[in-house]
Each structure stands twice: as C-alpha cells, then as structure tokens.
Amino acid sequence: MIRVVGIAAGLVTAPGGTALATANAMDDSGEDDPRLVDCSADEFDQRRLGHPVFVAWFHATWCPTCLRQHRVLRELLADGVAGDPLVCRFDFDAEPELRQQLGVAEQSTLIRFRNGTETSRSRGETKPPRLRAFLEGP
C-alpha cells in the first residue's frame with residue numbers, strides 16, 4: 001500500500017515508510033532553466049562534446065535523493081556556477097545502455113566532463129557546498 005503524505009511536496013510513502021518522489025515532483029519550480037535539461041542517450045555525445053563543462057545526472061522519479069539534488073542543482077545554477085556547466089538529466093530507468101556504457105550503478109549519480117573528458121563523479125550528494133564544488137570542478 002502506498003500512502004500519500006504530501007502531494008504538494010511530491011512525496012508518497014511506500015511500504016515500510018520509505019518516502020518516494022512522485023513523477024511531477026522533479027519539476028516543481030514551474031521554470032525552465034536552459035542549464036538543467038532532460039536528455040536522452042541519443043543526445044549524450046552531442047551535449048557532452050558541445051559544451052565545455054557538461055554534467056550527466058542519472059535520476060529516478062521515485063528517488064528522494066534525486067528530488068533533493070534537483071532542488072539544490074536548480075538553486076545553484078540560478079545563482080551562477082563557475083564554468084557555466086550544462087546539466088543533462090538522464091532517466092536512470094529508461095537509459096540502461098547509457099548507464100552500462102558509463103558504469104553507472106546507482107541513481108543520483110552525477111558525472112562531470114570538461115571538453116568531452118570525464119573529470120569526476122558524485123553519488124548521492126545533496127549538500128549545496130559540495131555540489132557547487134563538484135559542478136565547478138578542477
């Protein structure tokens with residue numbers, strides 16, 4: 001049984017009390033930010049090679065950590081991040097081939113690229129200062 005505990009917050013509770021994000025919870029801002037976009041595996045190489053700083057973010061709509069990451073990433077990008085990274089959100093469940101190609105085993109994984117080359121990874125991070133440091137990278 002899934003119990004709704006706060007639809008405005010975009011959360012439901014699954015058996016055992018685990019909080020889950022609903023599908024519409026990711027887009028609670030009502031704003032479009034050109035630096036945080038949904039992408040498909042077909043766009044990966046074009047986006048990665050077409051932007052000096054590119055971040056591939058593997059999210060899942062049912063992942064509470066991903067929901068928190070979304071809010072933090074949106075806020076950080078709105079405030080401005082050095083290097084002006086493009087963050088592409090890839091659906092963890094819908095992109096198994098891309099996940100395998102990149103060695104991504106968990107949702108809430110971010111992979112940072114500079115000039116097309118991977119520079120760092122982060123998994124499950126939600127703290128704004130740490131995510132800012134990751135986005136700005138070396």
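Where a number appears in this text, it was derived from the coordinates with a stated rule and is not lab data. Only a predicted model underlies this, so the values are computations on that prediction, with no experimental measurement involved. Neighbour counts run over all protein chains shown; Cβ positions are idealised from the backbone, glycine included.
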Between a first residue in region 121-135 that is of a type in the set (Asp, Glu) and a second residue that is surrounded by 14 or more Cβ atoms within 10 Å (Cβ to Cβ), which pairs have beta carbons less than 7 Å apart while being 6 or more apart in sequence or on different chains? Glu125/Leu131; Glu125/Phe134
Within region 83-128, residues of a type in the set (A, V, I, L, M) and over 20 Å from Asp45 (Cβ atoms) come out as Ala105
Which pairs have Cβ atoms under 9 Å, sit 6 or more apart or on different chains, and link a residue in region 46-57 that is without any contact (Cβ under 8 Å) to a residue 60 or more places away in the chain to one that is polar (S, T, N, Q) and surrounded by 13 or more Cβ atoms within 10 Å (Cβ to Cβ)? Ala56/Thr109; Trp57/Gln69; Trp57/Ser108; Trp57/Thr109
